[in-house]
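Participant: The structure that follows is given in the form of structure tokens.
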Amino acid sequence: MMTSPSLEALAAGLPSEEAAAVRAWLGHGDALTPRPLAVGAEHLATGISRPRPGDDAAVRRVGVIGGGTAGYLTALALKAKRPWLEVTLVESPVVPIIGVGESTTPLMVTFLHHYLGVDPMDLYREVRPTWKLGIKFDWGPDPDGFAAPFDWDTNSVGIRGSLAAQGDINAATVQSLMMTAGRTPVFDVGGRIVSLMNHLAFSYHLDNGRFVAFLTKLAAERGVRHLAAQVADVELDERGWVSRLRTGDGQDLDFDLYVDCSGFRSLLLGKALETPFHSYGSSLYTDSAVTGNVEHGGRLKPYTTARTMNAGWCWAIPTRESDHLGYVYASSALSDDDAANELAKRFPGVTEPKFVRFRSGRHAEAWRGNVMGIGNSYAFVEPLESSGLLMITWGIIALVNLMPSSWSEPCPRDLVNQALADRWDAIRWFLAIHYKFNTRLDTPFWKEVRAGADVTGMQPLLDLYASGAPLRLRDPLARGFADATSPTFYGLAGVDTILLGQKVPARLLPPAEPMARWHARKAAADVLVKHALPQHLALRAYDSEPRLHEELLRQHDSWARASVAGAVF
């Protein structure tokens with residue numbers, strides 16, 4: 001490291017003892033460097049503290065009401081980060097698990113393996129996940145749709161060049177090219193597997209039934225008490241806090257903290273506490289889904305597909321055995337039978353239909369008194385953009401990291417409530433622009449949505465986009481204003497992808513480089529794609545080689561290393 005002439009001159013003019021103190025602080029080998037002046041050296045312990053002995057208001061016993069992914073992930077996180085807690089998961093034996101594929105975001109990879117400490121080899125053996133590089137949208141006017149890859153922030157090949165060269169955004173990044181070709185960034189180099197998965201963020205597709213079974217087993221191993229019981233009554237105290245639960249078989253249950261993971265029933269936060277509900281119905285018109293599975297013949301796509309349908313859209317989530325499908329539709333526009341028939345016609349051989357009802361919106365508060373709502377008990381939009389498990393994760397992290405060790409201590413409820421509400425509202429507006437500008441079909445449903453979907457929360461950003469796109473390439477001031485004032489949720493690159501992918505009109509910014517440079521990057525990226533493995537072959541290596549997981553989770557330059565995860569958690 002080069003020494004700083006200014007610091008050397010300063011140290012030379014100091015008395016020897018003082019110069020030695022400065023050198024001990026700012027010295028790096030034989031050099032003096034100003035880096036410690038700009039980078040703090042103070043290390044702080046975690047803010048999580050244990051309850052004090054004898055404190056009658058201490059939070060020692062937590063009841064997680066409801067199972068599924070929300071319940072079990074919450075219970076595991078509490079035991080992982082606050083192992084002294086007595087955590088009981090109360091699960092109704094008559095409420096079934098919704099057996100659909102789960103599409104996640106990259107946060108789930110680091111949450112599982114760093115925050116919860118899940119062994120990746122165990123996950124691959126018992127849950128058998130597949131990989132998601134992004135979402136392929138059969139959406140908008142282009143018959144081929146568009147790719148929304150997880151590396152959209154990198155712009156590694158170039159979105160402006162992709163638009164100029166081929167009239168779409170599908171050659172903007174390495175992952176978008178991988179998605180188009182059905183490949184993954186894993187290579188067989190002379191019989192040795194070489195992976196770039198540690199450099200290109202990805203997420204998991206999970207079979208929900210298998211995933212919950214894995215989490216159930218893990219929770220038992222880690223000391224989570226399981227109680228099979230149905231909550232029949234909730235008793236409140238004079239403060240409006242939950243004081244006791246009564247089960248259907250006559251048991252009384254009381255905890256210091258209650259986490260409502262009861263799904264759309266919202267037994268505690270919604271029904272017992274009567275927390276007001278804010279609907280997103282003016283932006284998001286769907287309220288139903290019909291699900292089923294269809295064989296894929298071993299052809300594992302490296303992405304989730306979102307396909308436009310007559311009264312909504314259909315997801316396709318590839319698991320090892322089959323594609324899990326879900327037609328999300330508006331019951332006001334389509335009957336259940338017609339939805340099931342449309343799904344069966346589009347996907348011959350789909351299994352017997354199963355139906356799900358939901359409502360889009362959030363309660364006014366996630367955390368009320370001694371109750372925290374996690375998952376659908378607090379808020380839900382719809383499955384578009386895989387926000388469900390992402391927001392479950394954020395809710396869990398907020399609760400585990402910020403809950404007090406005693407109710408006698410200050411409690412940041414309002415902060416948590418505002419932060420989570422803002423995130424959910426941002427998802428609402430982000431999803432709304434998927435609907436407002438989708439011109440793929442002219443059915444009555446889509447005509448109504450395009451005419452009436454409320455996107456007012458995004459309007460300032462839409463105005464900025466119209467005046468110059470891509471947004472991510474605007475000047476620093478414009479980007480800063482947009483980030484500070486607009487509910488982008490997935491950032492400006494996400495908004496660019498959805499709007500440019502649907503070919504929403506805008507004044508395109510002029511390129512700042514010769515097209516030859518873009519073509520050179522594209523040609524190099526095509527080389528990587530050409531030699532990349534299809535997912536089913538790459539997964540075999542990850543199923544059996546711990547080295548590959550170590551590279552992903554431990555390598556110093558990996559996006560999924562512990563230090564990066566720690567900055568989020």
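The values are calculated or read from the model by the stated rules, or taken from the named source; none is laboratory data. Please read all numbers here as calculations on a predicted model, not as lab measurements. No Cβ is skipped: glycine too gets one built from the backbone with ideal geometry, and neighbour counts run over all protein chains shown. To get the accessible areas, we keep the full protein, side chains included, count just its heavy atoms, and leave off ligands, DNA and RNA. Shrake-Rupley method; radii C 1.70, N 1.55, O 1.52, S 1.80 Å.
Participant: Please identify every one of the chymotrypsin sites (Phe, Trp or Tyr not before Pro) in the range 8-114 that sits in a loop by DSSP and has no more than 16 other beta carbons within 10 Å of its own beta carbon.
Facilitator: Working: sites: Trp25, Tyr72, Trp84, Phe111; in loops: Trp84.
Filter output for the range 8-114: Trp84.
Participant: Hey, another quick one. Taking R0 as 51 Å, what FRET efficiency do you get between Asp188 and Glu238 from their Cβ-Cβ distance, rounded to the nearest 0.05? Please list the in-between numbers first.
Facilitator: Working: r = 68 Å, r/R0 = 1.33.
Efficiency, rounded to the nearest 0.05: 0.15.
Participant: Regarding the range 465-569, what are the three Cα extents along the principal axes, ordered largest first, in Å?
Facilitator: 51, 38, 24
Participant: In addition: Based on DSSP H assignment, which helices of the chain show an axial Cα extent of at least 18 Å together with a mean Kyte-Doolittle hydropathy greater than or equal to 0.0? Could the numbers behind the result be given before it?
Facilitator: Numbers: long enough: 68-81 (20 Å, 0.52); 208-221 (20 Å, 0.45); 387-402 (22 Å, 1.87); 413-436 (34 Å, -0.28); 515-531 (25 Å, -0.26).
Counting only whole DSSP H runs, the qualifying helices are 68-81, 208-221, 387-402.
Participant: On to the next question. Between the range 364-402 and the range 221-243, what is the separation of their alpha carbon centroids in Å?
Facilitator: The distance from the Cα centre of the range 364-402 to that of the range 221-243 comes to 18 Å.
Participant: Roll a 1.4 angstrom probe over the protein heavy atoms and tell me the percent of accessible area of the range 29-172 that is carbon or sulfur. Walk me through the numbers before you get to the answer.
Facilitator: Numbers: 2930 of 5710 Å².
Whole-percent figure for carbon plus sulfur exposure: 51.
Participant: Another question, then. About the Cα centre of the range 1-120, what is the dipole size in debye to 20, counting +1 per Lys and Arg Cβ and -1 per Asp and Glu Cβ, all else neutral? Don't jump to the answer; show the numbers that get you there.
Facilitator: Numbers: 9 positive and 11 negative charges, 81 e Å.
For this selection, approximately 380 debye.
Participant: What is the gain in length, in nm to one decimal, between Arg517 and Arg60 on full extension, counting 0.36 nm per residue of separation less the C-alpha to C-alpha distance?
Facilitator: Working: separation 457, 0.36 × 457 = 164.52 nm, distance 6.06 nm.
Answer, rounded to one decimal: 158.5 nm.
Participant: Looking at the chain, send over the antiparallel percent of its DSSP beta bridges, to the nearest 5. All intermediate terms of the calculation are to be shown ahead of the outcome.
Facilitator: Values: 56 of 77 bridges.
Rounded to the nearest five, the antiparallel share is 75 percent.
Participant: Counting only GluC sites (Glu not before Pro) that sit in a DSSP loop (anything but H, G, I, E, B) with at most 15 other Cβ atoms within 10 Å, what is the longest stretch of the chain containing none of them? Please report the intermediate quantities before stating the final value.
Facilitator: Numbers: sites that count: Glu42, Glu238, Glu274, Glu321.
Excluding the exposed sites themselves, the longest stretch runs over 322-569.
Participant: Expressed in whole Å with the largest first, what are the equivalent ellipsoid semi-axes of the chain derived from the C-alpha gyration tensor as the square root of 5 times each eigenvalue? Mind showing how you got there, number by number?
Facilitator: Working: eigenvalues 279, 260, 124 Å².
One finds semi-axes of 37, 36, 25 Å for the chain.
Participant: Compute the label zone of Thr351 within the range 176-216: residues whose backbone N is under 12 Å from the point 7 Å along Cα-to-Cβ.
Facilitator: 207-210
Participant: Here's another thing I want to ask about it. Stretched out fully, how many nm does the piece from Asp422 to Trp25 gain, at 0.36 nm a residue minus the Cα gap? Each step should come with its number before you reach the end.
Facilitator: Values: separation 397, 0.36 × 397 = 142.92 nm, distance 4.22 nm.
Gain on extension, Asp422 to Trp25, equals 138.7 nm.
Participant: Follow-up. Check which residues have an amide H placed less than 5 Å from Leu89's amide H, if you skip close sequence neighbours.
Facilitator: Amide H to amide H, under 5 Å and 5 or more residues apart or across chains, Leu89 pairs with Val64, Arg225, His226, Leu227.
Participant: Under the rule of at least 5 residues apart or a separate chain, name every residue whose amide H is placed under 5 Å from the amide H of Val118.
Facilitator: Residues meeting the criterion, in which the H sits 1.01 Å from N, are His113.
Participant: Do you know the Lys pair count in the chain for C-alpha distances under 24 Å, with sequence separation 8 or more or different chains?
Facilitator: Eligible lysine pairs with Cα atoms under 24 Å apart amount to 23.
Participant: Give the accessible surface of the chain per residue, rounded to a whole number of Å², with probe radius 1.4 Å and ligands, DNA and RNA excluded. All intermediate terms of the calculation are to be shown ahead of the outcome.
Facilitator: On the way: 24240 Å² over 569 residues.
That works out to 43 Å² for each residue.
Participant: Which of rounded, prolate, oblate describes the range 59-195, given a ≥ b ≥ c as roots of the alpha-carbon gyration tensor eigenvalues and a/c under 1.5 marking rounded, otherwise prolate only if a/b is larger than b/c? Mind dumping the intermediate values first?
Facilitator: Values: a/c = 2.62, a/b = 2.01, b/c = 1.30.
Prolate is the answer for the range 59-195, as a/c is 1.5 or above and a/b outweighs b/c.
Participant: Mind running the shape call on the range 524-569? Use the C-alpha gyration tensor, a ≥ b ≥ c as the square roots of the eigenvalues: rounded below 1.5 for a/c, prolate if a/b tops b/c, oblate otherwise.
Facilitator: Working: a/c = 2.90, a/b = 1.54, b/c = 1.89.
Oblate, because a/c is 1.5 or more while a/b does not exceed b/c.
Participant: Here's a follow-up. Report the extension gain between Val94 and Ala220 in nm, rounded to one decimal, defined as 0.36 nm multiplied by the number of residues separating them, less their alpha carbon distance.
Facilitator: Numbers: separation 126, 0.36 × 126 = 45.36 nm, distance 2.02 nm.
So the chain would gain 43.3 nm between Val94 and Ala220.
Participant: Same structure, new question: If you put +1 on each Lys and Arg Cβ and -1 on each Asp and Glu Cβ, how big is the dipole of the chain around its Cα centre, in Debye rounded to 20?
Facilitator: On the way: 56 positive and 62 negative charges, 205 e Å.
Charge dipole of the chain: 980 debye, to the nearest 20.
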